[in-house]
There are 2 protein chains.
Amino acid sequence: MTDPVTYTLEPIGFVHSQLRRREDAPRQGNEDAPEAWLHLSIPFLPALKGLQTGAEIVVLTWLHLADRGSLEVHPRNDAHTPLTGVFATRSPDRPNPIGLHRVTVLEIDPGTGLRVQPLEAVDGTPILDIKPVWND
Amino acid sequence: MTDPVTYTLEPIGFVHSQLRRREDAPRQGNEDAPEAWLHLSIPFLPALKGLQTGAEIVVLTWLHLADRGSLEVHPRNDAHTPLTGVFATRSPDRPNPIGLHRVTVLEIDPGTGLRVQPLEAVDGTPILDIKPVWND
């Protein structure tokens, strides 16, 4: 038996966006999502070293408005779509509600963070990680 | 001021792989990584409903062997590469060590989980989430 264990995340920063509410957010970043600022906490700013304007990155967020108890959903929140396991969907409602957002870096302010586009996460969403996209 | 907050993750399952040690693992899934089983805990198995063999998915893992204190690294662990911020690299060493692995579903066992390929995560790596790849 594996012991029941948990892992603790600390936000590295927060999203600043004109999107205020989950119901205003597009369901995917490529559906007319706006640009946004990723404001990093000061201790994490050195970890941006080497990142370039124009880079394609993956932003990992904590989807703080999600329902962690959902195991099946109607995709796109449409009651006419068949009930589907959350691991076969991109629904924010899932046991570990980590969001993945592929964006382009528009601007880097070494004292603040990054301006990126397109980002469908709402204002105040905690940021967990930033990675370059795959080498493929 | 935003209150200091943390978020708690619960593994949905664990990787079963022939890769036993971090130093044996390829640095990216596309560098000759083997197939592996994603064994899910029983309560999470219903969340696989609708997933198909052949699907391209993103597996999120908890990189339990990572150094969370690293903010800058030499990419590919090569001392000759310039010191780079971890958010500009795919190093497992980062503040929130969440791994992203793009894999193909080879087999689905509704009572156990998924067989996937290629996966560079070592045996025993905790699994956090499974998502379809982007619609792009």
*Report the Stokes-Einstein translational diffusion coefficient (µm² s⁻¹, integer) for the protein assembly as shown, Rh taken as the Kirkwood radius over Cα pairs, at 4 °C with viscosity 1.567 mPa s.*
68 µm²/s
*Taking R0 as 22 Å, what's the FRET efficiency between B:Glu23 and A:Val5 from their Cβ-Cβ distance, rounded to 0.05?*
0.40
*Calculate the spin-label point distance for B:Asp67 paired with B:Thr53, positioning each point 7 Å from the Cα along the beta-carbon direction, and give it in nanometres.*
4.4 nm
*If the label for A:Gly124 sits 7 angstrom from Cα along the Cα-to-Cβ line, what are its distances to the same label in every other copy, in nm to one decimal, shortest first?*
4.1
*Measure of compaction for chain A (Cα Rg per 2.2 N^0.38 Å)*: 1.12
_List, shortest first and in nm to one decimal, how far the label point of A:Glu56 (7 Å from Cα along Cα→Cβ) is from its counterparts in the other copies._
1.1
*Relative contact order %, the stretch B:72-136, counting alpha carbon pairs below 8 Å whose residues are six or more apart*: 17 percent
*List the distances, in nm and shortest first, from the label point of B:Glu35 to the matching label points in every other copy, placing each point 7 Å from Cα along the Cα-to-Cβ direction.*
4.6
*Report relative contact order for chain B in percent, whole number only (criteria: Cα-Cα under 8 Å, sequence separation at least 6).*
40 percent
*List the residues whose amide H sits under 5 Å from the amide H of B:Glu72, counting only those 5 or more places along or on another chain, with H placed 1.01 Å from N in the peptide plane.*
B:Val86
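From the Cα gyration tensor of the stretch A:22-100, with a ≥ b ≥ c the square roots of its eigenvalues, which class applies: rounded if a/c is under 1.5, or else prolate if a/b is larger than b/c, or else oblate?
On the way: a/c = 2.68, a/b = 1.98, b/c = 1.35.
Cα axes put the stretch A:22-100 in the prolate bin.
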*Would you please give the FRET efficiency between A:Glu107 and A:Val133, computed as 1/(1 + (r/R0)^6) with r the Cβ-Cβ distance and R0 = 22 Å, to the nearest 0.05?*
0.75
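Values quoted throughout were computed directly from the atomic coordinates according to the rules given, and no laboratory measurement underlies them. As the structure is a computational prediction, the values presented were derived from the model and not from experiment. A quick note on method: Cβ atoms are made from the backbone with ideal geometry, for glycine too, and the neighbour counts reach across all protein chains shown.
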